[in-house]
Each structure stands twice: as structure tokens, then as C-alpha cells.
Number of protein chains: 2
Amino acid sequence: MRTNFGAKPWFYPLPVLIVGTYNPDGTADAMNAAWGGLYDAGKVVLCLSKDHRTTANILARKDFTISFADAAHTVSADYVGMVSGNSEPAKMQKAGFHTSKASTVDAPLIDELPVALECRLLKVNEDGNIISIFLLCRRPAAECCGPVWRMHPQ
Amino acid sequence: MRTNFGAKPWFYPLPVLIVGTYNPDGTADAMNAAWGGLYDAGKVVLCLSKDHRTTANILARKDFTISFADAAHTVSADYVGMVSGNSEPAKMQKAGFHTSKASTVDAPLIDELPVALECRLLKVNEDGNIISIFLLCRRPAAECCGPVWRMHPQ
């Protein structure tokens with residue numbers, strides 16, 4: 001017997017995407033993007049509202065990073081999803097995130113999150129979504145992030 | 001120190017999407033779709049090659065279901081991703097999957113997989129990807145599928 005829960009966006013499991021961009025003044029920003037994922041071969045789609053600072057930053061510099069939040073950084077990942085860089089200049093400091101410039105794109109990597117994709121805007125598609133290619137996947141040695149790669153929790 | 005792994009499609013965690021459709025003769029088919037996810041509010045994107053039977057079935061009937069594979073059905077979920085219904089008429093039986101007709105769409109639910117979305121084709125977008133709305137999320141009582149909802153394995 002199945003229960004009808006209505007039209008709920010219940011996909012699981014889903015990655016927690018932390019999108020890193022540079023602001024016009026060169027400071028780093030990050031947001032938690034609920035809707036995004038792989039798109040065709042070698043591409044990523046992000047469904048972001050136009051009012052996000054991240055959206056403006058991506059359109060301006062064309063580049064961004066996607067880091068995958070892990071359990072150890074739940075509070076920081078939640079914070080950057082709740083607070084806008086438009087209203088909180090010290091967002092990254094308050095989140096407890098530090099950044100380093102990515103090697104292939106003009107965007108910040110989050111030092112605290114071990115695995116990241118370096119992405120470049122390809123286009124905004126007919127539905128207003130950001131389609132990018134990804135240039136690089138970075139992660140540290142396997143022993144640093146074993147648990148986060150487990151797909152099936154037991 | 002981060003290692004460069006090249007342009008790898010390493011998103012994690014990701015759901016294992018089992019897409020259920022009806023063949024022209026009314027028998028059920030299912031495939032494991034690697035690229036797909038939430039798209040805007042209340043929509044789903046599937047990036048499927050045109051040569052899949054599933055793609056033809058969706059274009060013909062407009063309807064499909066997405067079930068989320070769990071650890072208990074790893075072998076079946078892998079099988080429907082490796083074998084095409086175009087060449088194996090007994091694909092579903094060999095996978096060990098049984099189906100029931102969904103309530104809101106003309107597509108089969110996989111009896112063995114507890115949580116599913118019932119989806120209707122909205123359009124094929126400019127990149128050839130299937131954009132659908134989802135009409136219904138079905139799942140059994142919480143006690144039946146607790147572990148699969150845990151996002152952060154410990």
C-alpha cells in the first residue's frame with residue numbers, strides 16, 4: 001500500500017551543492033543550491049533565481065565552483081543557503097568558510113570541502129537555467145573523505 | 001593539497017533513478033538513468049539518448065515513473081541499466097522487478113521500490129532533454145524505508 005504525498009520534490013539522496021563565485025569586488029561568495037545536477041555528458045545544470053548574488057556573479061564572470069557539502073559542515077552549508085550575500089557582507093566569515101582561487105576558473109574553492117568541480121558557463125537555456133561545462137574535478141587523497149563517497153548508508 | 005582528476009562527472013551522493021514506462025504492446029519496461037534530477041520547481045529533467053526504448057516510450061505515451069533504487073535492489077537496478085529492452089524482451093522478469101500501473105499516469109510503478117514519482121512529459125528542451133512535471137510522490141509508511149532517507153551516512 002502506497003501513500004500519496006502530492007507533488008513533492010522528493011529526490012534522494014541528493015548532493016548538497018555549494019556554489020562558489022567571486023563578487024564584483026573580488027571577495028568570495030557561496031550559496032547552497034537545492035536544484036542542480038549533471039546535465040548531458042560533461043555538463044552541469046543549476047536552477048537559480050535571478051535575484052541571487054550567485055546568479056549575477058556567474059553571469060558576470062562566467063565561472064564558478066561546485067563543492068559537495070559533507071556532514072562535518074552541515075551548519076556552514078545551511079547558513080550559506082539561508083543568508084544572502086546581498087544583505088550580509090561578512091557571509092563567508094560567518095559561515096566559517098575559507099577559500100582559495102581555483103586553478104582553471106575565476107572562482108573560489110571552499111577550503112573546508114574536499115571535493116569540487118570547477119565550472120564555466122556555457123549558456124543560459126530556454127528555461128533560464130545555467131548550463132555549464134566542468135573543467136576539473138578536484139579531491140584530496142581518498143583517505144581524507146572516504147565516508148562521503150558511500151552511496152548506501154547502512 | 002588537492003588532486004586534479006580531470007573533468008569527471010563526480011556528483012555525490014546521487015539517487016539511482018529507475019525510469020518506468022510502458023512499451024507499445026503494453027508490457028512494462030524500466031531503465032537506470034544516470035543523468036537526471038530536479039529542474040526548476042516541480043519539474044524533472046532526464047538526459048536520455050534517443051536510442052533507448054525508454055525514450056521512445058516516453059515520447060509515445062508522455063508518461064513515466066521515477067523510482068529510487070535502494071541498497072536491497074542493487075543487482076536489479078544495475079541489470080536494468082546494463083540490458084536494453086530493445087534486445088531482451090524478458091528484461092523485467094530477469095531483473096526481478098514486478099510492476100503495477102500508476103494511479104495518475106500511464107506508466108508502471110516498480111513494486112519492489114518503495115518511493116516513486118509519477119511524471120508527465122512537458123516538453124523536450126533545446127538540448128534534447130526530457131522535461132516533465134511530476135504529479136505525485138508515493139511512498140509507503142515511514143517505517144518501511146527509514147534508512148534510505150538518511151542523507152549523511154555516519
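Couple of notes before you dig in:
- Unique residue being touching a Ser or Thr at 6+ places or on another chain (Cβ under 6 Å), within 10 Å of chain B (Cβ to nearest Cβ) and more than 30 Å from B:K123 (Cβ to Cβ) when the list is A:A116, A:A72, A:A107, A:A28: A:A116
- Members of segment B:93-118 found to be farther than 20 Å from B:V45 by Cα, in contact (Cβ under 8 Å) with a residue 24 or more places away in the chain and not in a strand (DSSP E or B), listed by number: B:A95, B:F97, B:S103, B:E112, B:L113, B:P114
- All positions within segment B:119-134 that are touching a residue at least 12 places away in the same chain (Cβ under 8 Å) and either more than 8 Å from chain A (Cβ to nearest Cβ) or under 23 Å from B:T27 (Cβ atoms) (or both): B:C119, B:R120, B:L121, B:L122, B:V124, B:G128, B:I130, B:S132
- Scanning segment A:39-54 turns up no residue that is touching a helix residue (DSSP H, G or I) at 6+ places or on another chain (Cβ under 9 Å) and among the acidic types (D, E).
- Residue list for segment B:85-135, restricted to those being closer than 16 Å to B:L48 by Cα and either under 14 Å from the mean Cα position of the chain (by Cα) or buried (at least 23 other Cβ atoms within 10 Å of the Cβ) (or both): B:C119, B:R120, B:L121, B:I130, B:I131, B:S132
- Residues of segment B:33-48 that are buried (at least 18 other Cβ atoms within 10 Å of the Cβ) and under 25 Å from B:G96 (Cβ atoms): B:A33, B:W35, B:G36, B:L46, B:L48.
- Residue within segment A:49-58 that is surrounded by 15 or more Cβ atoms within 10 Å (Cβ to Cβ), aliphatic (A, V, I, L, M) and in a loop (DSSP other than H, G, I, E, B) present: no
- For segment A:8-48, filtered to residues that are in contact with an Asp or Glu (Cβ under 9 Å, 6 or more places away or on another chain) and in a loop (DSSP other than H, G, I, E, B), the residue that is farthest from B:I133 (Cα to Cα) is A:N23.
Read-outs: derived from the displayed coordinates by stated rules, not from any lab. As the structure is a prediction and not an experimental result, all values here were calculated from the model. Please note: Cβ atoms are built from the backbone with ideal geometry, for glycine as well, and neighbour counts cover all protein chains shown.
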